[in-house]
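Here's the structure, in structure tokens; my notes come after.
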Amino acid sequence: MSGADEDDGVISEEFLIGQKLILDLENSSSSQPDYKEKAKECKARLNKAAILVNQLNLFSPNETSRDFHATQLRYALIPFYLGLVEQLVGEQIERRVRVEISKRCFENFYGLCERLELISEAEKQEIELLEEKEDLLSPQQRREILVNQARRNKEHVAKIQELTERKLRLLNREGVGAEESDTTLNEVEEELVLSQIKIAIARSYREIRTIEREIPLLDRMLELEKDPKRALAEREAHARLVATSKTDSKFCPYTIVKDGRGGLRKKVFCAHWIQPTVTIEEAGEIDYRIAMQEQANRDRAQAEMRRLKARNSDEEFDPEFDSDPDDEEKLYKARAWDEYKDDHPSGSGNTMANVG
């Protein structure tokens, strides 16, 4: 094995371990006992991989992403991971130095991706608008840019999950031949790496803007630590301002709401009116079922009213309205009525009918 192959094997090993550690750190709590040890190990392995990449001059200035295989292109993520892990190591007193180093790592990663032509023109224009012309953008324009960035990020996350599952199936050679599996696996790995880089580009830009807003605050904290009297005076002034805000309606204190499950974040871009839960066709079917039920209720009510009216009526006995045809009393009454009609035909009682 040549020296270059040995170095490539070492880079691959250090990168994969560092990548796994950084993902574990982001999904775990900083209160865990081995958190800082993991962060230091991750930083050491990524630094070793970065040194070997620079020694091999892997990403030369005259090459683009199309000139690299996926196994080499993934090493472009090393400065991004270093920027993330740099903020996880060290004590709070070193925060100012850490964020400055982290910012340089993110900027190096962004510049490398721009040189490798991994950033589209549309993304460049959106970033330029947010950086240089943010004050000139209307709220609607700024919202559209942020929505487009969030939508693309969501698509890349879904694509990574799909490609990861597909890669596992190909590694197990489920349903494909060996040669076809190797070819498809290379394509899947390339798409997977590109999607990971796309997500890292968007996040690195957000991290840079966050650090730029954090650095002045950290500088201010360091100044106050050097001048305790000034810090005490400012705290007293802040306390007076808070006390004033309770009585003066011009000052409204901020309320910080914990959004642990992301419920508030999901509702940010939702419509402010109540959304329909059924289609027009489904609503029509519901109305039809309700109307048919109401009609059936009305029919039953009318039938009950007719039955009660026939039971309480003094008119001629009609067996059709008899709810109990086996009742002997009613049967005898019906027979007596029939006999009376036989003995007294219609008009027999009119003795004055032939008087002229």
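A compact table of results
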| item | result |
| --- | --- |
| Filter result for the condition that a residue is modelled with pLDDT of 80 or more, more than 26 Å from the chain's Cα centre (by Cα), assigned to a helix (DSSP H, G or I) and surrounded by 12 or more Cβ atoms within 10 Å (Cβ to Cβ), over Glu191, Glu187, Glu212 | Glu187 |
| Yes/no for Arg104 being without any contact (Cβ under 8 Å) to a residue 24 or more places away in the chain, farther than 24 Å from Asp219 by Cβ and open to solvent by 60 Å² or more (accessible area, probe 1.4 Å) | no |
| Breaking point among (1) at pLDDT 85 or above; (2) over 30 Å from Glu37 (Cβ atoms); (3) not in a loop (DSSP other than H, G, I, E, B), for Glu128 | (1) |
| Considering residues of the range 34-59 that are part of a loop (DSSP other than H, G, I, E, B) and in contact with a helix residue (DSSP H, G or I) (Cβ under 9 Å, 6 or more places away or on another chain) only, the residue surrounded by the fewest Cβ atoms within 10 Å (Cβ to Cβ) | Leu58 |
| Test result for Arg66, closer than 30 Å to Tyr35 by Cα and either assigned to a helix (DSSP H, G or I) or open to solvent by 60 Å² or more (accessible area, probe 1.4 Å) (or both) | no |
| Output for the range 1-33, where each listed residue is open to solvent by 80 Å² or more (accessible area, probe 1.4 Å) and modelled with pLDDT under 75 | Met1, Asp5, Glu6 |
| Selection within the range 277-296 - open to solvent by 70 Å² or more (accessible area, probe 1.4 Å) and part of a helix (DSSP H, G or I) | Ile280, Glu281, Glu282, Glu285, Asp287, Tyr288, Arg289, Ile290, Met292, Gln293, Glu294, Gln295 |
| Candidates Val97, Val85, Val89 - the one that is open to solvent by 20 Å² or more (accessible area, probe 1.4 Å) and not basic (Lys, Arg) | Val97 |
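The values are calculated or read from the model by the stated rules, or taken from the named source; none is laboratory data. Keep in mind the model is a prediction, meaning the values are calculated, not measured. A quick note on method: Cβ atoms are made from the backbone with ideal geometry, for glycine too, and the neighbour counts reach across all protein chains shown. The area values use the complete protein model at the heavy-atom level, side chains included, leaving out ligands, DNA and RNA. Shrake-Rupley method; radii C 1.70, N 1.55, O 1.52, S 1.80 Å.
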